[in-house]
Amino acid sequence: MPSTFTVFFEDPYWVGVLEIAGPDGVRVRAARPYRPNPKRLARAAAREQAARPLSTAAQEALARSFAQAKTENRAAAKRRRAAEDERRRSRAREKAKARHRGR
């Protein structure tokens, strides 16, 4: 009995179809995709709704400006930390050289 197995993508699942040719004709058996748990779907929908509340254009503009200020502040703090670390390293190096100066 010749048979073919075909796999195709049916959003959001991959589906397999087995076709068996026999004396009675062609029999088709499809592998059905997994059914998602309805409770899991409800939780995912609730999470999605809670994560992205509706807001006005002014609120979105404020949020964007806060995010931009946050990234600028982080960059400035990183530069300050780097400058302070460099100052400490140079001071420690000067002290080490001063200790070894007379030898």
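The values are calculated or read from the model by the stated rules, or taken from the named source; none is laboratory data. Note that the structure is a prediction, hence the values are computed from the model and not measured. Glycine also receives a Cβ, built like all others from the backbone with ideal geometry; neighbour counts cover every protein chain displayed.
Between 61, 77, 82, 92, the distinction of being part of a helix (DSSP H, G or I), modelled with pLDDT under 95 and on the phi < 0 side of the Ramachandran plot belongs to 61 only. Filtering the range 11-26 to residues that are under 40 Å from the mean Cα position of the chain (by Cα) and of a type outside the set (Val, Ile, Thr) leaves 11, 12, 13, 14, 16, 18, 19.
Working only within the range 16-46, note down all residues that are among the charged types (D, E, K, R), surrounded by 10 or more Cβ atoms within 10 Å (Cβ to Cβ) and more than 22 Å from residue 6 (Cβ to Cβ). 43, the sole residue that qualifies.
Set side by side, the residues 88, 99 differ, and just one is surrounded by 10 or more Cβ atoms within 10 Å (Cβ to Cβ) and among the basic types (Lys, Arg), which is 88.
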